[in-house]
Amino acid sequence: MLNAAIMAAEEGSSPLIPNLWELLVTVAGFAVLMFIVIKYVMPAFEKTFAARTEAIEGGIAKAEAAQAEANAALEEYKQQLVESRTEANRIREEARAEGAQILAELKEKAAAESARITEQAHVQIEAERQAAVVSLRAEVGTLATDLASRIVGESLADDARSGRVIDRFLADLETSSQSAGAAK
Amino acid sequence: MIALALPAATTEEGFVPPTIDDTHYRDIFPWGGEYGVWFEGGFGKQMLMIIFSVILIATFFLMASRRNALVPGKMQFLGESAYGFVRNSIGKDIIGGRDFLRYVPWLFTAFFFVLVNNIFGAIPFLQLPSFSHPGSAYAIAAIFYLLWVGIGLKKHGLKYFKLAVVPSGVPWYILPIVVPIEIISNFIVRPVTHSLRLFATMLAGHLIVTLAGTAIEYMVSTGSILLQGTSVLVLGGAIAMYMLEALIMVLQAYVFTLLAAIYIEGALHADAH
(Lines give C-alpha, C1' and ligand atoms only; values in the text may rest on other atoms or scores of the structure.)
Protein backbone atom coordinates (compact mmCIF):
# COMPACT_ATOMS: atom_id res chain seq x y z
CA MET A 1 0.00 0.00 0.00
CA LEU A 2 2.83 2.31 0.98
CA ASN A 3 4.76 1.36 -2.10
CA ALA A 4 1.78 2.12 -4.28
CA ALA A 5 1.16 5.41 -2.53
CA ILE A 6 4.71 6.52 -3.05
CA MET A 7 4.74 5.42 -6.63
CA ALA A 8 1.43 7.09 -7.26
CA ALA A 9 2.64 10.24 -5.59
CA GLU A 10 5.57 10.32 -7.95
CA GLU A 11 3.19 10.09 -10.85
CA GLY A 12 0.98 12.83 -9.53
CA SER A 13 -2.00 11.00 -8.09
CA SER A 14 -2.62 8.58 -5.22
CA PRO A 15 -5.19 5.83 -5.60
CA LEU A 16 -6.20 6.35 -1.99
CA ILE A 17 -7.35 9.93 -2.27
CA PRO A 18 -11.02 10.03 -3.15
CA ASN A 19 -12.70 12.34 -5.56
CA LEU A 20 -15.37 13.95 -3.44
CA TRP A 21 -17.81 14.16 -6.30
CA GLU A 22 -17.62 10.43 -6.75
CA LEU A 23 -18.19 10.02 -3.05
CA LEU A 24 -21.29 12.18 -3.14
CA VAL A 25 -22.66 10.50 -6.25
CA THR A 26 -22.20 7.10 -4.61
CA VAL A 27 -24.01 8.15 -1.44
CA ALA A 28 -26.79 9.73 -3.47
CA GLY A 29 -27.07 6.67 -5.71
CA PHE A 30 -27.21 4.39 -2.70
CA ALA A 31 -29.86 6.57 -1.09
CA VAL A 32 -32.04 6.63 -4.19
CA LEU A 33 -31.74 2.89 -4.69
CA MET A 34 -32.48 2.27 -1.03
CA PHE A 35 -35.54 4.49 -1.19
CA ILE A 36 -36.90 2.54 -4.17
CA VAL A 37 -36.15 -0.75 -2.44
CA ILE A 38 -37.90 0.24 0.79
CA LYS A 39 -40.82 1.89 -0.93
CA TYR A 40 -41.60 -0.51 -3.74
CA VAL A 41 -39.44 -3.59 -4.16
CA MET A 42 -39.31 -5.00 -0.65
CA PRO A 43 -43.01 -4.62 0.25
CA ALA A 44 -43.98 -6.26 -3.04
CA PHE A 45 -41.66 -9.22 -2.52
CA GLU A 46 -42.56 -9.63 1.13
CA LYS A 47 -46.23 -9.51 0.25
CA THR A 48 -45.76 -12.17 -2.39
CA PHE A 49 -43.76 -14.34 0.02
CA ALA A 50 -46.42 -14.01 2.69
CA ALA A 51 -49.22 -14.72 0.22
CA ARG A 52 -47.37 -17.76 -1.09
CA THR A 53 -46.69 -19.10 2.40
CA GLU A 54 -50.30 -18.60 3.27
CA ALA A 55 -51.46 -20.25 0.08
CA ILE A 56 -49.28 -23.29 0.71
CA GLU A 57 -50.18 -23.57 4.37
CA GLY A 58 -53.84 -22.92 3.58
CA GLY A 59 -53.72 -25.62 0.92
CA ILE A 60 -52.20 -28.09 3.35
CA ALA A 61 -54.79 -27.23 5.98
CA LYS A 62 -57.55 -27.64 3.43
CA ALA A 63 -56.19 -30.99 2.33
CA GLU A 64 -55.97 -32.11 5.95
CA ALA A 65 -59.53 -31.03 6.55
CA ALA A 66 -60.67 -32.91 3.46
CA GLN A 67 -58.77 -35.99 4.60
CA ALA A 68 -60.34 -35.81 8.03
CA GLU A 69 -63.76 -35.38 6.48
CA ALA A 70 -63.22 -38.36 4.21
CA ASN A 71 -62.10 -40.45 7.18
CA ALA A 72 -65.17 -39.40 9.14
CA ALA A 73 -67.41 -40.27 6.21
CA LEU A 74 -65.75 -43.66 5.83
CA GLU A 75 -66.18 -44.32 9.54
CA GLU A 76 -69.79 -43.32 9.31
CA TYR A 77 -70.38 -45.59 6.33
CA LYS A 78 -68.79 -48.50 8.15
CA GLN A 79 -70.92 -47.75 11.17
CA GLN A 80 -74.02 -47.59 9.02
CA LEU A 81 -73.09 -50.81 7.30
CA VAL A 82 -72.73 -52.60 10.62
CA GLU A 83 -75.98 -51.08 11.82
CA SER A 84 -77.86 -52.03 8.71
CA ARG A 85 -76.51 -55.57 8.91
CA THR A 86 -77.68 -55.85 12.50
CA GLU A 87 -80.97 -54.36 11.50
CA ALA A 88 -81.39 -56.85 8.68
CA ASN A 89 -80.58 -59.72 11.01
CA ARG A 90 -83.02 -58.43 13.54
CA ILE A 91 -85.76 -58.05 10.96
CA ARG A 92 -85.10 -61.54 9.66
CA GLU A 93 -85.27 -62.95 13.17
CA GLU A 94 -88.44 -61.08 13.85
CA ALA A 95 -89.99 -62.22 10.62
CA ARG A 96 -89.10 -65.79 11.41
CA ALA A 97 -90.57 -65.51 14.88
CA GLU A 98 -93.64 -63.79 13.56
CA GLY A 99 -94.10 -66.42 10.89
CA ALA A 100 -93.89 -69.15 13.49
CA GLN A 101 -96.38 -67.32 15.64
CA ILE A 102 -98.79 -66.81 12.76
CA LEU A 103 -98.51 -70.46 11.89
CA ALA A 104 -99.22 -71.44 15.49
CA GLU A 105 -102.14 -69.06 15.65
CA LEU A 106 -103.55 -70.38 12.44
CA LYS A 107 -103.19 -73.92 13.67
CA GLU A 108 -104.89 -73.01 16.91
CA LYS A 109 -107.65 -71.22 15.08
CA ALA A 110 -108.19 -74.16 12.76
CA ALA A 111 -108.31 -76.51 15.69
CA ALA A 112 -110.80 -74.26 17.47
CA GLU A 113 -112.91 -73.99 14.35
CA SER A 114 -112.95 -77.70 13.83
CA ALA A 115 -113.85 -78.17 17.47
CA ARG A 116 -116.63 -75.63 17.12
CA ILE A 117 -117.99 -77.29 14.02
CA THR A 118 -117.89 -80.67 15.67
CA GLU A 119 -119.67 -79.28 18.70
CA GLN A 120 -122.34 -77.68 16.57
CA ALA A 121 -122.86 -80.89 14.70
CA HIS A 122 -123.26 -82.74 17.95
CA VAL A 123 -125.77 -80.25 19.23
CA GLN A 124 -127.75 -80.35 16.01
CA ILE A 125 -127.73 -84.12 15.97
CA GLU A 126 -128.92 -84.15 19.56
CA ALA A 127 -131.67 -81.67 18.76
CA GLU A 128 -132.80 -83.62 15.74
CA ARG A 129 -132.74 -86.78 17.76
CA GLN A 130 -134.89 -85.12 20.43
CA ALA A 131 -137.29 -83.90 17.77
CA ALA A 132 -137.39 -87.35 16.26
CA VAL A 133 -137.99 -88.88 19.69
CA VAL A 134 -140.78 -86.43 20.41
CA SER A 135 -142.43 -86.86 17.05
CA LEU A 136 -141.94 -90.62 17.23
CA ARG A 137 -143.46 -90.71 20.70
CA ALA A 138 -146.57 -88.92 19.44
CA GLU A 139 -146.75 -90.93 16.25
CA VAL A 140 -146.03 -94.26 17.85
CA GLY A 141 -148.68 -93.54 20.51
CA THR A 142 -151.26 -92.70 17.90
CA LEU A 143 -150.32 -95.66 15.77
CA ALA A 144 -150.33 -97.99 18.71
CA THR A 145 -153.66 -96.65 19.95
CA ASP A 146 -155.14 -96.97 16.52
CA LEU A 147 -153.84 -100.39 16.26
CA ALA A 148 -155.02 -101.43 19.71
CA SER A 149 -158.44 -99.93 19.23
CA ARG A 150 -158.78 -101.78 16.02
CA ILE A 151 -157.70 -104.91 17.79
CA VAL A 152 -159.82 -104.55 20.93
CA GLY A 153 -162.62 -102.48 19.45
CA GLU A 154 -164.64 -99.68 21.07
CA SER A 155 -163.87 -100.59 24.67
CA LEU A 156 -160.74 -98.83 24.62
CA ALA A 157 -162.14 -95.50 23.32
CA ASP A 158 -161.99 -93.92 26.75
CA ASP A 159 -159.15 -91.41 26.30
CA ALA A 160 -158.10 -91.08 29.88
CA ARG A 161 -157.56 -94.71 30.43
CA SER A 162 -155.88 -95.35 27.11
CA GLY A 163 -153.60 -92.38 27.60
CA ARG A 164 -152.46 -93.70 30.97
CA VAL A 165 -151.87 -97.15 29.50
CA ILE A 166 -149.85 -95.73 26.64
CA ASP A 167 -147.75 -93.55 28.87
CA ARG A 168 -146.99 -96.47 31.15
CA PHE A 169 -146.08 -98.58 28.19
CA LEU A 170 -143.81 -95.94 26.68
CA ALA A 171 -142.14 -95.32 30.02
CA ASP A 172 -141.43 -99.04 30.23
CA LEU A 173 -140.16 -98.96 26.71
CA GLU A 174 -137.93 -96.05 27.45
CA THR A 175 -136.55 -97.58 30.55
CA SER A 176 -135.79 -100.78 28.76
CA SER A 177 -134.18 -98.96 25.86
CA GLN A 178 -132.15 -96.83 28.28
CA SER A 179 -130.94 -99.79 30.24
CA ALA A 180 -130.17 -101.47 26.96
CA GLY A 181 -128.18 -98.35 25.90
CA ALA A 182 -126.36 -98.34 29.25
CA ALA A 183 -125.59 -102.03 28.83
CA LYS A 184 -124.36 -101.39 25.40
CA MET B 1 0.83 -3.74 -5.55
CA ILE B 2 3.40 -6.03 -7.07
CA ALA B 3 1.66 -5.42 -10.31
CA LEU B 4 2.36 -1.75 -9.88
CA ALA B 5 6.00 -2.27 -9.02
CA LEU B 6 6.96 -4.81 -11.67
CA PRO B 7 6.56 -2.76 -14.81
CA ALA B 8 8.68 -0.02 -13.28
CA ALA B 9 11.71 -2.28 -13.71
CA THR B 10 11.17 -2.50 -17.41
CA THR B 11 10.94 1.22 -18.11
CA GLU B 12 14.50 1.47 -19.33
CA GLU B 13 13.86 -1.13 -21.99
CA GLY B 14 11.30 1.06 -23.69
CA PHE B 15 8.06 -0.18 -22.11
CA VAL B 16 6.03 2.61 -20.63
CA PRO B 17 4.01 1.15 -17.75
CA PRO B 18 0.43 2.22 -17.37
CA THR B 19 -0.25 4.51 -14.46
CA ILE B 20 -3.44 4.44 -12.46
CA ASP B 21 -4.68 7.36 -14.48
CA ASP B 22 -4.43 5.15 -17.56
CA THR B 23 -7.01 2.79 -16.06
CA HIS B 24 -9.59 5.41 -16.85
CA TYR B 25 -11.22 4.67 -20.07
CA ARG B 26 -11.75 7.88 -21.90
CA ASP B 27 -14.06 10.07 -19.85
CA ILE B 28 -17.47 10.74 -21.22
CA PHE B 29 -17.04 14.42 -20.61
CA PRO B 30 -13.64 15.84 -21.31
CA TRP B 31 -13.33 17.42 -17.83
CA GLY B 32 -13.91 13.98 -16.28
CA GLY B 33 -13.08 13.06 -12.72
CA GLU B 34 -9.48 12.40 -11.89
CA TYR B 35 -7.63 10.68 -9.15
CA GLY B 36 -6.12 12.62 -6.33
CA VAL B 37 -8.17 15.70 -6.71
CA TRP B 38 -10.87 16.83 -4.36
CA PHE B 39 -13.46 19.07 -5.93
CA GLU B 40 -11.67 19.46 -9.22
CA GLY B 41 -12.68 17.46 -12.18
CA GLY B 42 -16.29 16.93 -13.05
CA PHE B 43 -18.78 14.45 -14.13
CA GLY B 44 -16.70 11.44 -15.06
CA LYS B 45 -17.50 8.08 -16.52
CA GLN B 46 -17.40 6.47 -13.10
CA MET B 47 -20.18 8.70 -11.77
CA LEU B 48 -22.24 8.10 -14.85
CA MET B 49 -21.85 4.37 -14.31
CA ILE B 50 -22.97 4.65 -10.70
CA ILE B 51 -26.12 6.42 -11.84
CA PHE B 52 -26.55 3.91 -14.62
CA SER B 53 -26.30 1.05 -12.11
CA VAL B 54 -28.98 2.64 -9.93
CA ILE B 55 -31.31 2.92 -12.93
CA LEU B 56 -30.50 -0.63 -14.00
CA ILE B 57 -31.09 -2.22 -10.58
CA ALA B 58 -34.19 -0.17 -9.86
CA THR B 59 -35.72 -0.95 -13.24
CA PHE B 60 -35.07 -4.65 -12.98
CA PHE B 61 -36.45 -5.07 -9.49
CA LEU B 62 -39.40 -2.79 -10.06
CA MET B 63 -40.37 -4.84 -13.09
CA ALA B 64 -39.71 -8.12 -11.30
CA SER B 65 -41.80 -7.17 -8.28
CA ARG B 66 -44.58 -5.46 -10.18
CA ARG B 67 -46.66 -8.48 -11.15
CA ASN B 68 -46.70 -9.90 -7.66
CA ALA B 69 -48.05 -13.23 -8.88
CA LEU B 70 -48.38 -16.24 -6.62
CA VAL B 71 -46.87 -18.41 -9.32
CA PRO B 72 -43.95 -16.32 -10.57
CA GLY B 73 -42.92 -15.78 -14.15
CA LYS B 74 -39.29 -16.00 -15.23
CA MET B 75 -38.43 -12.43 -14.36
CA GLN B 76 -40.30 -12.43 -11.08
CA PHE B 77 -38.64 -15.71 -10.17
CA LEU B 78 -35.22 -14.25 -10.87
CA GLY B 79 -35.99 -11.14 -8.84
CA GLU B 80 -37.43 -13.17 -6.00
CA SER B 81 -34.45 -15.51 -5.95
CA ALA B 82 -32.06 -12.54 -5.84
CA TYR B 83 -34.05 -10.88 -3.09
CA GLY B 84 -34.53 -14.13 -1.23
CA PHE B 85 -30.80 -14.84 -1.39
CA VAL B 86 -29.88 -11.60 0.36
CA ARG B 87 -32.88 -11.77 2.67
CA ASN B 88 -32.37 -15.33 3.84
CA SER B 89 -28.74 -16.30 3.24
CA ILE B 90 -27.31 -13.04 4.51
CA GLY B 91 -29.98 -11.20 6.50
CA LYS B 92 -31.78 -14.05 8.22
CA ASP B 93 -28.79 -16.33 8.74
CA ILE B 94 -26.43 -13.67 10.06
CA ILE B 95 -28.65 -11.16 11.83
CA GLY B 96 -31.49 -13.53 12.60
CA GLY B 97 -34.03 -12.77 15.26
CA ARG B 98 -37.36 -11.22 14.64
CA ASP B 99 -36.26 -7.83 13.36
CA PHE B 100 -33.70 -8.79 10.72
CA LEU B 101 -36.20 -7.63 8.09
CA ARG B 102 -35.54 -4.03 9.12
CA TYR B 103 -31.96 -4.33 7.88
CA VAL B 104 -32.66 -6.33 4.73
CA PRO B 105 -33.12 -3.22 2.54
CA TRP B 106 -29.67 -1.99 3.55
CA LEU B 107 -28.06 -5.33 2.73
CA PHE B 108 -30.12 -5.84 -0.41
CA THR B 109 -29.30 -2.40 -1.77
CA ALA B 110 -25.62 -2.76 -0.89
CA PHE B 111 -25.29 -6.18 -2.46
CA PHE B 112 -26.77 -5.31 -5.82
CA PHE B 113 -25.27 -1.84 -5.88
CA VAL B 114 -21.81 -3.30 -5.36
CA LEU B 115 -22.40 -6.34 -7.54
CA VAL B 116 -23.62 -4.47 -10.60
CA ASN B 117 -20.94 -1.81 -10.27
CA ASN B 118 -18.26 -4.47 -9.94
CA ILE B 119 -19.50 -6.42 -12.93
CA PHE B 120 -19.27 -3.25 -14.99
CA GLY B 121 -15.55 -3.96 -14.86
CA ALA B 122 -16.00 -7.16 -16.82
CA ILE B 123 -18.16 -5.67 -19.55
CA PRO B 124 -16.20 -4.51 -22.61
CA PHE B 125 -16.21 -0.73 -23.21
CA LEU B 126 -17.68 -0.06 -19.78
CA GLN B 127 -14.67 -1.96 -18.42
CA LEU B 128 -14.48 -0.08 -15.15
CA PRO B 129 -15.53 -1.39 -11.74
CA SER B 130 -16.96 1.71 -10.09
CA PHE B 131 -15.54 0.72 -6.73
CA SER B 132 -12.00 0.77 -8.03
CA HIS B 133 -12.34 4.47 -7.32
CA PRO B 134 -11.73 5.04 -3.62
CA GLY B 135 -14.40 7.70 -3.25
CA SER B 136 -17.20 5.21 -3.89
CA ALA B 137 -15.68 2.52 -1.69
CA TYR B 138 -15.18 4.96 1.19
CA ALA B 139 -18.72 6.23 0.74
CA ILE B 140 -20.46 2.88 0.89
CA ALA B 141 -18.28 1.63 3.76
CA ALA B 142 -18.96 4.87 5.64
CA ILE B 143 -22.71 4.40 5.19
CA PHE B 144 -22.47 1.03 6.92
CA TYR B 145 -20.03 2.30 9.54
CA LEU B 146 -22.51 4.98 10.55
CA LEU B 147 -25.35 2.48 10.34
CA TRP B 148 -23.92 -0.10 12.73
CA VAL B 149 -22.54 2.42 15.18
CA GLY B 150 -25.96 4.09 15.12
CA ILE B 151 -27.70 0.75 15.71
CA GLY B 152 -25.41 0.02 18.65
CA LEU B 153 -26.05 3.44 20.22
CA LYS B 154 -29.77 3.21 19.69
CA LYS B 155 -29.99 -0.26 21.16
CA HIS B 156 -27.59 0.05 24.11
CA GLY B 157 -27.11 3.78 24.59
CA LEU B 158 -23.66 5.06 25.47
CA LYS B 159 -23.01 1.75 27.19
CA TYR B 160 -22.56 0.40 23.67
CA PHE B 161 -18.99 1.69 23.50
CA LYS B 162 -18.13 -0.14 26.70
CA LEU B 163 -19.80 -3.31 25.44
CA ALA B 164 -17.97 -3.04 22.13
CA VAL B 165 -14.47 -2.55 23.49
CA VAL B 166 -14.45 -4.41 26.81
CA PRO B 167 -14.77 -8.12 26.20
CA SER B 168 -16.49 -9.98 28.98
CA GLY B 169 -14.59 -12.63 30.93
CA VAL B 170 -11.16 -11.03 30.51
CA PRO B 171 -9.09 -10.57 33.71
CA TRP B 172 -8.83 -6.93 34.75
CA TYR B 173 -5.02 -6.79 34.44
CA ILE B 174 -5.17 -7.67 30.72
CA LEU B 175 -7.79 -5.03 30.00
CA PRO B 176 -5.26 -2.17 29.50
CA ILE B 177 -3.89 -4.14 26.56
CA VAL B 178 -7.13 -5.53 25.23
CA VAL B 179 -9.21 -2.36 25.30
CA PRO B 180 -6.96 -0.28 23.00
CA ILE B 181 -6.69 -3.22 20.62
CA GLU B 182 -10.47 -3.56 20.58
CA ILE B 183 -10.93 0.17 20.01
CA ILE B 184 -8.52 0.14 17.10
CA SER B 185 -9.86 -3.06 15.59
CA ASN B 186 -13.54 -2.26 15.96
CA PHE B 187 -13.76 1.44 15.27
CA ILE B 188 -10.79 2.15 13.03
CA VAL B 189 -9.55 -0.97 11.27
CA ARG B 190 -12.99 -2.36 10.63
CA PRO B 191 -14.38 0.46 8.44
CA VAL B 192 -11.02 0.98 6.75
CA THR B 193 -10.68 -2.66 5.78
CA HIS B 194 -14.33 -2.77 4.83
CA SER B 195 -13.75 -0.09 2.22
CA LEU B 196 -10.17 -0.92 1.19
CA ARG B 197 -10.93 -4.60 0.64
CA LEU B 198 -13.51 -3.72 -1.94
CA PHE B 199 -11.56 -0.88 -3.47
CA ALA B 200 -8.20 -2.69 -3.64
CA THR B 201 -9.50 -5.92 -5.15
CA MET B 202 -11.36 -3.98 -7.80
CA LEU B 203 -8.43 -1.71 -8.58
CA ALA B 204 -5.93 -4.58 -8.63
CA GLY B 205 -8.02 -6.65 -10.99
CA HIS B 206 -8.59 -3.64 -13.17
CA LEU B 207 -4.89 -2.82 -13.18
CA ILE B 208 -3.88 -6.33 -14.14
CA VAL B 209 -6.19 -6.30 -17.13
CA THR B 210 -4.95 -2.84 -18.10
CA LEU B 211 -1.37 -3.89 -17.65
CA ALA B 212 -1.81 -7.00 -19.75
CA GLY B 213 -3.49 -4.97 -22.48
CA THR B 214 -0.73 -2.38 -22.52
CA ALA B 215 1.93 -5.07 -22.48
CA ILE B 216 0.41 -6.92 -25.41
CA GLU B 217 0.15 -3.70 -27.37
CA TYR B 218 3.79 -2.95 -26.65
CA MET B 219 5.02 -6.46 -27.46
CA VAL B 220 3.20 -6.54 -30.76
CA SER B 221 4.45 -3.09 -31.73
CA THR B 222 8.14 -3.91 -31.04
CA GLY B 223 8.46 -5.88 -34.25
CA SER B 224 10.49 -8.54 -32.47
CA ILE B 225 9.25 -12.02 -33.43
CA LEU B 226 10.07 -13.37 -29.98
CA LEU B 227 8.06 -10.73 -28.17
CA GLN B 228 5.20 -10.96 -30.63
CA GLY B 229 5.11 -14.72 -30.17
CA THR B 230 5.18 -14.61 -26.39
CA SER B 231 2.48 -11.97 -26.37
CA VAL B 232 0.10 -14.86 -27.01
CA LEU B 233 1.05 -16.23 -23.58
CA VAL B 234 0.32 -12.86 -22.05
CA LEU B 235 -3.04 -12.81 -23.79
CA GLY B 236 -3.83 -16.28 -22.37
CA GLY B 237 -2.78 -15.12 -18.92
CA ALA B 238 -4.82 -11.98 -19.28
CA ILE B 239 -7.93 -13.96 -20.16
CA ALA B 240 -7.40 -16.21 -17.14
CA MET B 241 -6.98 -13.16 -14.94
CA TYR B 242 -10.08 -11.66 -16.49
CA MET B 243 -12.09 -14.74 -15.50
CA LEU B 244 -10.60 -14.70 -12.01
CA GLU B 245 -11.46 -11.03 -11.77
CA ALA B 246 -15.06 -11.71 -12.77
CA LEU B 247 -15.26 -14.26 -9.97
CA ILE B 248 -13.73 -11.82 -7.50
CA MET B 249 -16.21 -9.14 -8.53
CA VAL B 250 -19.12 -11.35 -7.47
CA LEU B 251 -17.28 -12.62 -4.42
CA GLN B 252 -16.41 -9.15 -3.18
CA ALA B 253 -20.00 -7.98 -3.46
CA TYR B 254 -20.97 -10.96 -1.33
CA VAL B 255 -18.14 -10.44 1.14
CA PHE B 256 -18.94 -6.76 1.49
CA THR B 257 -22.60 -7.46 2.25
CA LEU B 258 -21.80 -10.37 4.52
CA LEU B 259 -19.41 -8.24 6.57
CA ALA B 260 -21.96 -5.45 6.75
CA ALA B 261 -24.48 -7.98 8.11
CA ILE B 262 -21.94 -9.28 10.63
CA TYR B 263 -21.19 -5.75 11.83
CA ILE B 264 -24.90 -4.99 12.20
CA GLU B 265 -25.41 -8.21 14.11
CA GLY B 266 -22.44 -7.38 16.34
CA ALA B 267 -23.90 -3.97 17.15
CA LEU B 268 -27.37 -5.40 17.79
CA HIS B 269 -26.16 -8.07 20.16
CA ALA B 270 -23.16 -6.26 21.62
CA ASP B 271 -24.15 -7.44 25.09
CA ALA B 272 -23.96 -11.09 24.05
CA HIS B 273 -20.37 -11.00 22.84
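How much accessible area per residue does chain A have, counting only protein heavy atoms and a probe of 1.4 Å, in square angstrom? Walk me through the numbers before you get to the answer.
Numbers: 13870 Å² over 184 residues.
That works out to 75 Å² per residue.
With runs of 4+ DSSP H residues as the only contributors, calculate the mean residue ellipticity of the protein assembly as shown at 222 nm using -39,500 (n - 2.57) per run, divided by the residue total and rounded to the nearest 500. Don't skip to the end; give the middle numbers.
Values: 13 runs with 334 residues, N = 457.
It comes out at -26000 deg cm²/dmol, rounded to the nearest 500.
Kindly write out, for region A:90-96 in residue order, the coupling ³J(HN,Hα) from the Karplus curve 6.51 cos²θ - 1.76 cosθ + 1.60 (θ = phi - 60°), rounded to whole Hz, with x marking Gly and Pro.
4, 4, 4, 4, 4, 4, 4
For B:TYR242 paired with A:ALA110, estimate the spin-label separation in nm (one decimal), with each label point 7 Å from Cα along the Cα-to-Cβ line.
Placing both labels 7 Å along Cα→Cβ, they lie 11.8 nm apart.
Taking 22 Å as the cut-off for C-alpha to C-alpha distance, list the pairs among A:LYS47/B:LYS74; A:LYS62/B:LYS74; A:LYS39/B:LYS92 that go past it.
Over 22 Å apart, Cα to Cα: A:LYS62/B:LYS74.
Taking Cα centroids, how far is region B:234-272 from region A:40-102 in Å?
Measuring centre to centre over Cα atoms gives 57 Å.
What does the charge count around B:ILE262 come to, taking other residues whose C-beta lies under 14 Å from its C-beta (Lys +1, Arg +1, Asp -1, Glu -1)? Kindly include the intermediate steps, with their values, before the conclusion.
Details: positive: B:LYS92, B:ARG190, B:ARG197; negative: B:ASP93, B:GLU265.
Net of charged neighbours comes to +1.
For chain B, with a Gaussian network of springs between Cα atoms less than 10 Å apart, report the residue from B:PHE161, B:PHE256, B:PHE111 with the top mean-square fluctuation.
With Cα springs under 10 Å in chain B, the top fluctuation among B:PHE161, B:PHE256, B:PHE111 is at B:PHE161.
Can I get the semi-axes of region B:141-273's equivalent ellipsoid? Compute them from the C-alpha gyration tensor as square roots of 5 times the eigenvalues, in angstrom, largest first. If you can, show how the numbers build up before the last one.
On the way: eigenvalues 451, 46, 23 Å².
The three semi-axes for region B:141-273 are 48, 15, 11 Å.
Per 0.36 nm of contour for each residue apart, how much would the distance between A:ARG161 and A:ARG52 grow if the chain were fully extended, relative to their Cα-Cα spacing? Could you put the intermediate results ahead of the total?
On the way: separation 109, 0.36 × 109 = 39.24 nm, distance 13.80 nm.
Length gained between A:ARG161 and A:ARG52: 25.4 nm.
Looking at chain B, which longest stretch skips every one of the trypsin sites (Lys or Arg not before Pro) that is in a DSSP loop with at most 16 other Cβ atoms within 10 Å, leaving the sites themselves out?
Here the longest run is B:99-273.
The values are calculated or read from the model by the stated rules, or taken from the named source; none is laboratory data. As the structure is a computational prediction, the values presented were derived from the model and not from experiment. Please note: Cβ atoms are built from the backbone with ideal geometry, for glycine as well, and neighbour counts cover all protein chains shown. These area figures cover heavy atoms from the full protein model, side chains too; ligands, DNA and RNA do not enter into them. Shrake-Rupley method; radii C 1.70, N 1.55, O 1.52, S 1.80 Å.
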